[in-house]
Amino acid sequence: VQLQASGGGLVQTGGSLRLSCAASGRTSSSFVMAWFRQAPGKEREFVAGFRWSGGSTYYADSMKGRFTISRDNAKNTVNLQMNSLKPEDTAVYYCALALSGGAIYSHVRRYNYWGQGTQVTVSS
């Protein structure tokens, strides 16, 4: 499985960005795709996840109401729409895929594959 992330960039406080992650290769029937982020000097943290079978979603508390995760079935892609961005959202954003889709996991160790990361910078 390969994951290709895109869509990062520089935006002002209050602005919006849309990230996309395209998955290619063989996956399970009920995999989970998620976004994590990692700021300099900090641990990688869960942002949002999408369970492909059933379409359920899960968000970290600080992202609820501002970020929306969705899928494009035809393209095997997960998108992350980020609104009302804040300087503290600045980080490298990674998409990840867990082959075992029993739940939407927030721990990095649950994920089998990772994309290359895309930089999001929010200026104040």
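The values are calculated or read from the model by the stated rules, or taken from the named source; none is laboratory data. Here the structure is a predicted model, which means the values were calculated and not measured. Backbone-built Cβ (ideal geometry, glycine too); neighbour counts: all protein chains shown. The accessibility values were calculated without ligands, DNA or RNA, using every heavy atom of the protein model including side chains. Shrake-Rupley method; radii C 1.70, N 1.55, O 1.52, S 1.80 Å.
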**OP:** Would you mind stating whether Ala74 is out of contact with any His (no Cβ under 6 Å at 6 or more places or on another chain), modelled with pLDDT of 95 or more and either in a loop (DSSP other than H, G, I, E, B) or not charged (D, E, K, R) (or both)?
**Re:** no
Original post:
Could you list, in sequence order, the residues of the stretch 13-55 that are at pLDDT 90 or above, of a type in the set (Lys, Arg) and not in a strand (DSSP E or B)?
Top reply: Lys42, Arg44
Original post:
Take the residues of the stretch 1-11 that are out of contact with any Leu (no Cβ under 8 Å at 6 or more places or on another chain) and either loosely packed, with under 14 Cβ neighbours inside 10 Å or hydrophobic (A, V, I, L, M, F, W, C) (or both): which is farthest from Glu88 (Cα to Cα)?
Top reply: Gln2
Original post:
Which residue, of Val120, Val47, is touching a Lys or Arg at 6+ places or on another chain (Cβ under 6 Å) and surrounded by 18 or more Cβ atoms within 10 Å (Cβ to Cβ)?
Top reply: Val47
**OP:** Would you mention how many residues in the stretch 88-115 are open to solvent by 50 Å² or more (accessible area, probe 1.4 Å) and either farther than 25 Å from Ser30 by Cβ or in a strand (DSSP E or B) (or both)?
**Re:** 3
**OP:** Select from the stretch 77-87 the residues that are buried (at least 18 other Cβ atoms within 10 Å of the Cβ) and over 14 Å from the mean Cα position of the chain (by Cα) and list them in ascending order.
**Re:** Leu85
Original post:
Are any of the residues in the stretch 116-123 modelled with pLDDT of 95 or more and either charged (D, E, K, R) or in contact with a Cys (Cβ under 7 Å, 6 or more places away or on another chain) (or both)?
Top reply: no
**OP:** Answer with yes or no whether Ala60 is farther than 19 Å from Gln2 by Cβ, in contact (Cβ under 8 Å) with a residue 12 or more places away in the chain and of a type in the set (Gly, Ala, Ser).
**Re:** yes
